[in-house]
Amino acid sequence: MSNLDIGLWSFPALLLLIFLRVPIGLSMFLTGGIGLWLVSGLNLPLAKLKTETYSTFSTYSLSIVPMFLLMGQFATLGGMSSALFRAAESWLGHRRGGVAMAAIGACAGFGAICGSSLATAATMSRVALPELRAYGYAGGFSTATLAAGGTLGILIPPSVVLVIYAILAEQNIAKLFLAAVIPGVLAALGYLITISIYVRLYPDRAGTRPPVPYGERMRALLDVWPVLLVFGLVVGGIYLGWFTPAEGASIGAIGTGLIAFFNGGLTRKTLIDSFLSTARSTAMIFFIILGAAFYNGFLALTQVPQEISTFVVSQGFSPWVVLTLIIVFYLIFGCVMDSLSMILLTIPIFFPVVMALDFGMSAEHTAIWFGILVLIAVEVGLITPPVGLNLFIINAMDRETPIVETYKAVAFFIASDVVRVILLAAFPIITLVLLPG
Amino acid sequence: MVRLVSGMARAMAVLGGLVLAALILLTGISVAGRVLNTLFHGAFAQSWFPGLANWALDAGVGPVNGDFELVEAGMAFAVFAFLPLCQITAGHATVDIFTSRLSPRASRILQAVTEVVFAAVLVIIAWKLYDGMASKLRSGQETFLLQTPVWWNYAASLAGAVVAAITGVFMAGVRILEMLSGRVIMVAGAEAGH
């Protein structure tokens with residue numbers, strides 16, 4: 001077998017391991033390690049390991065990941081979720097489907113200080129789920145709303161997935177964050193429209209509540225100033241070049257930590273729980289990153305990524321057909337695999353392909369636009385049955401609602417996601433308009 | 001035994017969390033120092049309160065020297081320290097969809113084989129990290145700004161890697177026992193609620 005063959009055969013081998021429930025990071029690590037062994041002998045993978053685990057785990061730009069995770073944990077403890085929900089509810093709650101809309105609005109706000117979808121979904125559910133049920137919102141509609149709202153945690157910067165993409169594709173994190181802002185707002189708007197369509201189709205699945213006086217609305221709005229401050233400081237500061245993304249993440253963690261402290265949410269016990277939760281997620285993510293580094297090092301040695309991109313370009317496919325296929329691939333695989341693993345696994349293959357095609361934009365714009373499209377496509381996977389993680393997390397909080405009810409209602413939100421992906425793919429200017437020059 | 005190993009994994013994770021928090025504070029202080037340093041050097045401070053500004057600059061108000069290197073070394077330690085907890089709580093990302101219909105027995109065999117391989121990988125990682133440390137020790141390489149020996153960084157990480165390897169071997173033992181006895185000793189992902 002030539003090296004190229006070994007490289008190509010590694011795909012089915014890797015998929016087999018993953019589908020046998022071998023942890024994804026371990027699967028990539030094994031396939032990469034054995035592949036390197038076959039291509040160049042056992043000494044190479046062993047010698048690589050001497051420095052590669054340390055250098056991967058000590059990568060400065062990756063330090064953003066645990067920092068953002070801890071920031072999200074502190075944001076959860078700070079009581080900002082209920083302040084956001086109260087503010088959104090006082091403005092929107094009296095409309096038809098208004099409490100569900102408020103939940104989306106609050107998720108968007110929380111997403112601005114939290115880079116993780118699961119944390120956003122879980123935190124907002126604790127606050128909003130009881131309210132939705134109290135105002136007569138159907139079970140499946142309520143859980144589906146929160147599952148979809150949770151994806152705003154990652155769509156609206158800061159976002160852990162974008163950090164990983166930026167590192168893999170060697171792009172500027174600040175510009176990616178900026179480019180994600182309009183698509184994130186569009187996501188929230190899309191969900192609001194979805195809700196208003198849903199409650200017109202099924203009027204019996206949402207209750208009503210009286211409007212709140214304007215004075216009270218203003219007061220509720222004032223309560224969310226810490227969220228605006230932290231978001232503005234972190235994203236604005238990174239963008240204006242006041243500090244590096246990792247420094248911004250530190251400032252954000254300190255900011256949400258202070259909020260949690262002054263609201264009495266930060267005790268010894270909750271601090272330890274935050275550490276444990278951050279530890280678990282960080283270890284999971286970094287082990288996948290390590291496996292991916294190993295696997296991608298092997299692939300690069302076999303020349304597979306270059307061969308694939310040369311092949312695709314030489315076939316003369318339309319760039320838009322290739323892009324469509326890639327996005328459809330993400331939507332399908334997102335049903336069974338988590339977003340970070342998918343990005344780490346596929347970007348080294350797909351990114352050179354996309355960059356070799358001509359979309360009529362500069363290389364940097366193509367890279368940023370593609371990153372946002374990938375982000376959205378993989379994020380849809382969090383709410384697609386059968387294994388959308390957000391669906392499970394929220395359904396576990398509402399024992400009375402069968403998961404099938406959640407599946408039925410979430411289909412409307414998935415439709416809204418698909419419309420948005422098509423819009424953003426067809427009109428790159430929506431993503432790129434905020435970028436300078 | 002289960003309690004001892006879980007306790008060790010949790011203790012390592014909390015230690016890693018404390019280091020992470022310390023790095024965050026250090027970075028925050030460094031940014032504040034840099035901002036103040038720029039401010040005190042600026043025309044405004046030099047014309048309105050030069051005494052205070054120069055006193056502060058002389059006192060060393062500025063970014064923390066080598067903060068970058070400390071973050072890198074500390075982060076590697078923290079990640080290695082986080083691994084045992086992830087191992088013992090079955091926190092690694094998997095794709096469950098194709099194996100959910102397996103019989104309990106087949107599922108236990110699969111899990112035992114996976115854990116054994118995982119343990120082997122963690123042991124190899126720790127062993128090779130030790131080799132890496134030994135070669136940094138021999139070469140006497142130093143970090144660029146702080147000029148501390150690079151092998152210190154490796155040694156700190158090795159502590160976490162060794163605990164991760166021990167945890168991995170322990171979990172492999174647990175899963176083999178479960179496979180042989182058919183009893184559940186540790187529920188996978190029992191602490192997933194965090």
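Among the residues of segment A:334-377, just one is part of a helix (DSSP H, G or I), within 14 Å of chain B (Cβ to nearest Cβ) and either of a type in the set (Phe, Trp, Tyr) or farther than 20 Å from residue A:299 by Cβ (or both), namely A:339. Within segment A:392-406, one or more residues are crowded, with 24+ Cβ neighbours inside 10 Å and at pLDDT 90 or above.
Applying the criterion of at least 2 residues that are open to solvent by less than 50 Å² (accessible area, probe 1.4 Å) and β-branched (Val, Ile, Thr) to the helices (runs of 4 or more DSSP H) found wholly in segment A:197-307 leaves A:225-231, A:245-262, A:268-302. Taken over segment A:17-59, residues that are open to solvent by 10 Å² or more (accessible area, probe 1.4 Å) and more than 27 Å from residue B:88 (Cα to Cα) amount to 9. For segment A:318-326, indicate whether the set of residues that are at positive phi and not acidic (Asp, Glu) is non-empty. The answer is no, given that none of the residues of segment A:318-326 is at positive phi and not acidic (Asp, Glu). Per the listing A:47, A:75, the residue uniquely among the small types (Gly, Ala, Ser), farther than 28 Å from residue A:160 by Cβ and out of contact with any Gly (no Cβ under 6 Å at 6 or more places or on another chain) is A:47.
Remark: residue A:87 falls outside the filter, which requires a residue to be crowded, with 24+ Cβ neighbours inside 10 Å and either of a type in the set (Gly, Ala, Ser) or farther than 27 Å from residue A:408 by Cα (or both). What pairs can you find where one residue is in segment A:28-52 and more than 12 Å from chain B (Cβ to nearest Cβ) and more than 11 Å from residue A:297 (Cβ to Cβ), the other is open to solvent by 30 Å² or more (accessible area, probe 1.4 Å) and among the basic types (Lys, Arg), and their Cβ atoms are less than 8 Å apart, with a gap of 6+ or different chains? Nothing qualifies. Determine if segment B:72-83 includes at least one residue that is touching a Ser or Thr at 6+ places or on another chain (Cβ under 6 Å), surrounded by 22 or more Cβ atoms within 10 Å (Cβ to Cβ) and more than 8 Å from chain A (Cβ to nearest Cβ). Yes; the residues of segment B:72-83 include at least one that is touching a Ser or Thr at 6+ places or on another chain (Cβ under 6 Å), surrounded by 22 or more Cβ atoms within 10 Å (Cβ to Cβ) and more than 8 Å from chain A (Cβ to nearest Cβ). The sole residue among B:34, B:10 that is more than 7 Å from chain A (Cβ to nearest Cβ), open to solvent by 20 Å² or more (accessible area, probe 1.4 Å), touching a residue at least 12 places away in the same chain (Cβ under 8 Å) and not hydrophobic (A, V, I, L, M, F, W, C) is B:34.
The values are calculated or read from the model by the stated rules, or taken from the named source; none is laboratory data. What you see is a predicted model; the values in this text were computed from it and never measured. Please note: Cβ atoms are built from the backbone with ideal geometry, for glycine as well, and neighbour counts cover all protein chains shown. What goes into the accessible areas is simple: the full protein's heavy atoms, side chains included, and nothing from ligands, DNA or RNA. Shrake-Rupley method; radii C 1.70, N 1.55, O 1.52, S 1.80 Å.
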